[in-house]
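Taken together, the values in this text are just the output of simple stated rules run on the coordinates, not laboratory data. Here the structure is a predicted model, which is why all the values come from computation and not from measurement. Cβ coordinates were reconstructed from backbone atoms using ideal geometry, including for glycine residues, and neighbour counts include every protein chain displayed.
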Amino acid sequence: MNEEINDATWIVGLLALGGSDLGGALVATEVVDDFNAAFGNATEPGGALRIVSSTMSAEALSGSVDLAATLAFGKPVYTEGLLATHPRLMVRRAERLDVACTSLLSQALDRSQILLIAVMDPFDPEAILAAKLEARLPFVVDEPAEPYWTSAVIQRAKTRLGNTAIDPKWMQDLCAAALAIGISSPRFVLQAVATARAIAALQDKQVDEGSVAMAARLVLAHRAQNAPPQQQDDEQQQPPPPSQSPDAGETENNTEQNPGDAELILEAIKAALPANLLNLAADGLGKRGAGRNFKAASPRKSGGQRGRRIGHKRASSLAGQRLDILATLRNAAPWQPMRRKLAGTDRMVVTRDDFRVSRIKQRNEATAIFAVDASGSTAFQRLAEAKGAVETILAECYVRRDRVALVAFRGKKAELLLPPTRSLERAKRALAGLPGGGGTPLASGLDEAYGLAVQVRRAGGNPIVIVLTDGKANITRSGLGNKVTALEETQSAAKLFAAEGFDAMVIDVSPEPQKSARALANNMQATYLPMPRASASDIARPVSVALKSVSA
Amino acid sequence: MTNLNKKEPAKGAIKRPVFPFSAIEGQQELKTCLLLTAVDPLIGGLLAMGDRGTGKSTTVRAFASLLPPIKAVKGCPYHCDPAQPQSACEECRTANKLVSETIQVPVLDLPLGATEDRVAGALDLERALSRGEKVFEPGLLAKANRGYLYIDEVNLLEDHLVDLLLDVAASGENLFEREGLSVRHPARFVLIGSGNPEEGELRPQLLDRFGLSVEVKTPQDVASWVEIVKRRDSYERDSETFLEQWKDEEQKLRGRIEAGRKKLKDVVVPDAVQEAAATLCIALKTDGLRGQLTIIRAARALAAFEKQKTVALSHIKRMALPSLRHRLRRNPLEETGSTARIERAIVEVLGL
């Protein structure tokens, strides 16, 4: 039983054993077939995963009225939802689940009602699982699992699991280790505790340092926000290469209460760390940190099914649409005497042709994308005013439930400071931290804003781009100081906005209105607003009018 | 009336009983405020904002099972109070004889993405299809009457549902005017919302509807984490025994809620205390009078819960943060958090 098996294989065994008590796992698309095969091998017949589409409706999960049967029998017939009928679910392209499904699945996970395998493509930068679900899935599987476990072995382990206790001392150590690597919630320690017990049951022994260390590696390591404190000394240098032996000089710098064991857990975590730390450095933010949350926070629109009803239309198929009962009945009514005679019944006869579904009008969400020039030429004069204006507009946006995004450009390049969000807190923080000075890479700034606007439109929103600059570009896209090239590039970048027909505004932040800024506005086909000694609220007003017209 | 249970197909067996409220480690402010909404529902709801994984939903769900049972009219979909016919639904008001039964206080989850039909109610499909009759089928608002409505991630709630909630919260009634139906039924409930402030803001109108607001944080010391993990682990391994261990604590707390409710109307609020609360609100420039009303109500409920006969300045001091935290006018450029501003004002105004 102590042959070397990889982590993915362990996770398969643990999930087959613990089932809904352990929650589930995130599985990378390319290893999902191996995972399925191994999992199928480990469960008794009938215990396999039910694969569902991420575009299913919430009713498919919770159960709903079976329309066809209801009409056939003349009394309501309900179908049971997947949550009740299939407690082991696998969702492909799980990042596409809508808010309603996400809520239902999280609730079911909280009640230990289901085992959930979320399948995602790790190389797709837009594939981000709702944070709510992600936190409830302890494991990540990104390597092929082997069909190592058999259902007989798992069954035997199941009988042991109830009697496998965990010494409180291990809980203490797991808590200390989790806090040391910046884990945010005790929830994850609980997952690790349950995992340690399951590991011990699989190994047919009591919980010992081996099972605790492995649980920490499987559950806690990938959530680490920072390296263990022992590494603080060399944190400024590169993260340690994966092969480094994790023993050199770590005993001196100790902050733990009972060093021996907590450190042992940290060692196990650290062994799994380097790859993640490299990612951290590359992304500039935690793989599961703030960057992940914002996409989860923006509820996905589901095919115009929510909002106000504005009428009804004939429905050829009902797929996921809301039946307008009254209109359906009204439509069926005139035919009743004839149909009853034909069908030889005195019941109401409703046919498919009578179905009417509601037409829904949804308010389109506006996203204000600010591209703020923080270069030296602006910074010295008007950066503070520009910030003030943005803040005022932000407050306005948040009242109206619009989203805002923030791009800043200075020095050699442009930077996305804030992806679209509704959080005033985050926007304020991003803005407060914006330094000024350096050249004006206007073309790069426009490119960044353009890319974001395209993204917003693709997701069904209405972007409006607001550029705050003096229009004096002097840095090229490649980061070189060349006014001529910079100007040409700026012109071509600006014309893209006109081509796409994006709503845009150029706010001239120089003390006197500048030709360059006006030319930029012309190229973008944007509204031009000079800010001659204007106060922040003076700029905010026209912008908020524009926003209102966009989202109407 | 329609059979409500039929509408909700069995959602698989819930495997374990709920984690006991008294066994929740820490979260003192959240727990106290929840208890106070049970002592005086008129305080008007509770908003709990904090990071993910701080145990907000666990605490609210545990609270549901702590509440003392209530008497309700048997078979009424709005569980009207037989002792209060003036606030009952039309059917109960006009009925000759009401049979009452004892029920658990309804605590309902409003999931994100719920349809308007599920929340406000809809035309009864059964009657419409089988008999062609127009009958109202009550939604979540009806089922939550006299109880609690819990919305996790309330800051992400769709706008049309927020509008609906605002209407109902203001009037205590659900007016359903759609699909050719016109129905009016009582919908008085305590609204509990939770969410992560990093993910979006609440609409100001909705924010104002919450009586109390709490900032939930996870403790950052090993000892509390260990206690949380230990309790949770023993609950998960053997929930029967665990519940048995906490039964007395739960019963004691339940008793205190009931005692507080009885005492509530006899608690005196001295003029000096009223004045102090008003001065505090003026100093903080809170919008409207709701802040002032809430702080007095909450302080009175707290006094009743703690078996005091009069409201003291210390009660005001303790309830000032949850009552006012979300009512300060926000200045986008102001960096100081609401909590710090209130604490400063308490020192300056109340001299405490």
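If you take the charge dipole of segment A:72-222 about its Cα centre, with +1 on Lys and Arg Cβ and -1 on Asp and Glu Cβ, which of A:A180, A:T195, A:T85 is farthest toward its positive end?
A:T85
Can you check what the Kirkwood hydrodynamic radius comes to for chain B, Cα pairs only, in Å to one decimal?
Radius from the Kirkwood sum: 21.8 Å.
Taking neighbour counts of Cβ atoms within 10 Å as a proxy for exposure, in what order, fewest first, do A:H86, B:H185, B:H79 appear?
Ascending number of Cβ neighbours within 10 Å: A:H86, B:H185, B:H79.
Using Cβ counts within 10 Å as a stand-in for footprinting exposure, how do B:T339, A:T328, A:T195, A:T102 rank, fewest first?
Final ranking by Cβ density, sparse to dense: B:T339, A:T328, A:T102, A:T195.
Scan segment B:113-219 for trypsin sites (Lys or Arg not before Pro) in coil per DSSP, keeping those whose Cβ has at most 13 other Cβ atoms within 10 Å, and list them by number.
Filter output for segment B:113-219: B:K217.
Highest mean first, how do A:203-215, A:152-164 rank when packing is the count of other Cβ atoms within 10 Å averaged over residues?
Ranked by mean Cβ neighbours within 10 Å, highest first: A:203-215, A:152-164.
Counting other beta carbons within 10 Å of each Cβ, put B:S338, B:S22, B:S171 in order, fewest first.
B:S171, B:S22, B:S338
Percentage of Cα-Cα pair distances in segment B:271-350 greater than 18 Å, rounded to whole percent?
That tail contains 35 percent of the Cα-Cα pairs.
Normalised radius of gyration for segment B:61-123, please: alpha carbon Rg relative to 2.2 N^0.38 Å, two decimal places.
1.33
Give, to the nearest whole percent, the P(r) tail of segment A:384-443 beyond 14 angstrom, counting all Cα pairs.
55
Can you tell me the FRET efficiency between A:T527 and B:A283 if r is taken as the Cβ-Cβ distance and R0 is 35 Å, rounded to the nearest 0.05?
E(calc), rounded to 0.05, equals 0.20.
From other protein chains only, count the Cβ atoms within 10 Å of every residue's Cβ in B:223-234, then give the mean.
Mean shielding count: 6.
For peptide A:109-118, what's the mean number of Cβ atoms from other chains within 10 Å of each residue's Cβ?
2
What whole-number distance in Å separates the alpha-carbon centres of segment A:330-350 and segment B:266-332?
When both Cα centres are located, 64 Å separates them.
Could you tell me the extents of segment B:229-282's C-alpha atoms along the three principal axes, largest first, rounded to whole Å?
Principal-axis extents of the Cα atoms in segment B:229-282, largest first: 53, 27, 9 Å.
Subtracting the Cα-Cα distance from 0.36 nm times the residue separation, let me have the gained length for A:Y148 to A:S53 in nm, one decimal.
Details: separation 95, 0.36 × 95 = 34.20 nm, distance 2.80 nm.
Additional length available on full extension: 31.4 nm.
Any chance you could give the angle, 0 to 90 degrees and rounded to 10, that helix B:222-237 forms with the longest Cα principal axis of chain B?
It is inclined by approximately 20 degrees.
Rg and Dmax of segment A:117-207, Cα atoms, in Å?
15.9, 43
How compact and how long is segment A:1-161, expressed as Rg and Dmax of its alpha-carbon atoms in Å?
Calculated on Cα positions, Rg and Dmax stand at 16.9, 61 Å.
Counting other Cβ atoms within 10 Å, which GluC sites (Glu not before Pro) in segment B:67-168 have at most 15 and lie in a DSSP loop? Don't jump to the answer; show the numbers that get you there.
Working: sites: B:E90, B:E91, B:E101, B:E116, B:E126, B:E133, B:E153, B:E158; in loops: B:E133, B:E153, B:E158.
Here the sparse-neighbourhood loop sites are B:E133.
Give me the number: length gained by fully extending A:R518 to A:D353, i.e. 0.36 nm times residue separation minus the C-alpha to C-alpha distance, one decimal in nm.
Result for the pair: 53.6 nm of gain on full extension.
For chain B, take the longest principal axis of its alpha carbons; what is the angle in degrees between that and the long axis of helix B:290-305, to the nearest 10 within 0 to 90?
90
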